[in-house]
Amino acid sequence: MDAAHLMDLADVYGAHNYAPLPVVIERAEGCYVYDCDGHQYLDFLSCYSALTHGHRHPRILAAAREQMERVTLTSRAFHNAQMGPFLQELCAFAGMEMALLMNTGAEAVETAIKAVRKWAYLTKAVPRHQAEIIVCADNFHGRTVSVISFSTEPLYRNDFGPFTPGFRIVPYGDAAALEEAITSTTAAFLVEPLQGEAGIIMPPPGYLAEVREITARNDVLLVLDEIQTGLGRTGRRFCFEHEGVRPDLVLLGKALGGGLYPVSAVVGRAAVLGLFTPGEHGSTFGGNPLACAVGRESLRVLEEERLAERAAKLGPHLMQRLRSISSPHVKEVRGKGLLVGMELHPEAGGARRVCEALMAEGVLCKETHDDVIRFAPPLVIEREQLDWAAERAATVLARL
C-alpha cells in the first residue's frame with residue numbers, strides 16, 4: 001500500500017485524537033526512520049523521549065528476544081524471575097528504597113496520586129478524603145480523567161467533566177505561591193522539573209531546591225514527574241540532580257522501556273510506597289517478565305553507554321547551533337541536555353508549518369503549544385547529525 005492509502009485508512013477507521021505529520025514510517029534504525037517509499041529521516045523527536053536509546057537498540061532487542069523465548073506474561077498472581085532483580089536495579093539506579101511497576105506514564109501518575117493520598121491519611125493524619133495535591137499551571141501529566149482534572153489546558157478539559165476533586169493549582173516556578181497554597185490537608189506537591197509539553201519551560205535557578213525545603217518543612221511529599229526528563233535526557237540520570245535535591249517519589253516511563261516496550265514506575269521512599277496492601281492497586285501487565293527484561297537492559301545501556309553524559313555534552317552544542325541561526329522568526333531557544341525548544345514569534349505563522357518543512361528536508365520533529373518546536377533526538381546521536389539537522393533548520397527558517 002502507498003502512503004496516501006495508509007493515511008486514509010487511519011483517518012477513516014481511527015479516532016481523530018492526533019494530528020500527525022503526513023509521513024508513514026515503515027522501518028527504523030538508530031537515529032533514522034524510513035517511510036514507505038524508502039526516504040530517510042533523522043528522528044528529532046524520539047517519541048517524546050521514549051526513544052532515548054534510539055530505534056531498535058541491538059542490546060535491548062536481544063534482551064527482549066531472549067526473554068520472549070522463555071516467558072512473556074505471568075500476571076502478579078505469581079512471581080517471575082525478572083521482576084525482583086529489576087526492582088533492585090531500578091532502586092539502586094535511582095537511589096531510592098522501593099518501586100512500583102506499571103506500564104504507561106499516566107498509570108505512574110495515577111499510582112502516585114493514590115500513594116500520596118494514602119500516606120496523608122495513614123501517616124499525616126489528614127481527615128479521610130480531604131487530602132489535597134498541589135500542582136502547577138501549564139502542567140502535563142497525562143490525559144486520564146483524574147489528571148486532566150488538574151490541567152489548565154482547555155483542550156484537555158472542555159468536554160470531559162465532571163472532574164476529580166482534591167487538587168490546587170499554583171504558578172510554575174513560583175516557590176512563594178507554593179508555600180502560600182499549603183494547608184494542613186496538603187499531601188504532596190506534584191511537579192515537572194522542566195515542563196516539556198508546555199513548550200520546554202524552564203523554572204528559575206534554585207526553584208527545585210527551594211521547593212524541596214518548603215515541602216520538607218511543611219511535611220508535604222515532593223513528587224517529581226520525570227517521565228519525559230528522566231533517564232539521561234537533560235544531561236543527568238534525573239533532572240532533579242542538577243539542583244542536588246532528593247524527592248520523595250519519582251515518576252518514570254518512556255525511556256524506561258528502551259524504545260521497545262511500555263514500562264513505567266514510581267520509585268521512592270518505602271514509607272510511602274510500602275503502605276499499599278494486596279488488592280489496593282495493580283495492573284495485569286505491570287511488572288511482567290518481558291517488561292522487566294527490557295527495563296533492566298535499558299538501564300544497563302544508559303549507564304554503560306554513558307547516555308546522560310552524551311546529552312550533557314551534545315545538548316549545549318545543539319543549542320549553540322540553533323541560537324546561531326539568524327532569523328527574525330525565532331524568539332528564543334531554551335532547554336537542558338537534549339531536550340530543546342525553539343519558540344517562534346506568532347508572526348511566523350505557527351510551528352506546525354516549520355515542522356512540515358523540516359520533514360521535507362529529512363528531519364522529523366513536532367510542534368507543541370502552537371509556536372514551539374521541540375527538538376529531542378535520541379541520546380545516541382552524533383555531533384555531525386546534530387549539525388546536519390541544525391543546517392536544515394536554518395534553511396527552512398530562511399525560506400519563511
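General observations
- On inspection, Glu343 does not qualify as in contact with a strand residue (DSSP E or B) (Cβ under 6 Å, 6 or more places away or on another chain), without any contact (Cβ under 8 Å) to a residue 60 or more places away in the chain and acidic (Asp, Glu).
- Test: residue in region 206-224 that is crowded, with 19+ Cβ neighbours inside 10 Å, among the small types (Gly, Ala, Ser), in a loop (DSSP other than H, G, I, E, B) and outside the structural domain of Glu343 (by TED's automatic domain parsing): no
- Residue check for Ala265: at pLDDT 95 or above, under 18 Å from Val109 (Cβ atoms) and not in a helix (DSSP H, G or I): yes
- For region 77-121, the set of residues classified as of a type in the set (D, E, K, R), within 18 Å of Phe276 (Cα to Cα) and assigned to a helix (DSSP H, G or I) consists of Glu107, Glu110, Lys114, Arg117, Lys118, listed by residue number.
- Any hit, region 155-169, residues being in contact (Cβ under 8 Å) with a residue 40 or more places away in the chain, outside any strand (DSSP E or B), within 21 Å of Ala209 (Cβ to Cβ) and not acidic (Asp, Glu): no
- Here Phe240 meets the list (1) out of contact with any Pro (no Cβ under 8 Å at 6 or more places or on another chain); (2) outside any loop (DSSP other than H, G, I, E, B) almost entirely, failing just condition (1).
- Yes/no for Leu299 being of a type in the set (A, V, I, L, M, F, W, C), out of contact with any Asp or Glu (no Cβ under 8 Å at 6 or more places or on another chain) and either surrounded by fewer than 21 Cβ atoms within 10 Å (Cβ to Cβ) or not in a loop (DSSP other than H, G, I, E, B) (or both): no
- All strands (runs of 3 or more DSSP E) inside region 320-400 with 1 or more residues being among the aliphatic types (A, V, I, L, M): 330-336, 339-344, 372-375
- Any hit, region 122-138, residues being at pLDDT 95 or above, part of a helix (DSSP H, G or I) and among the hydroxyl-bearing types (Ser, Thr, Tyr): no
The values are calculated or read from the model by the stated rules, or taken from the named source; none is laboratory data. Keep in mind that this is a model prediction, so the values were computed, not measured. Positions of Cβ are generated from backbone atoms using ideal geometry, with glycine treated the same way; all protein chains shown enter the neighbour counts.
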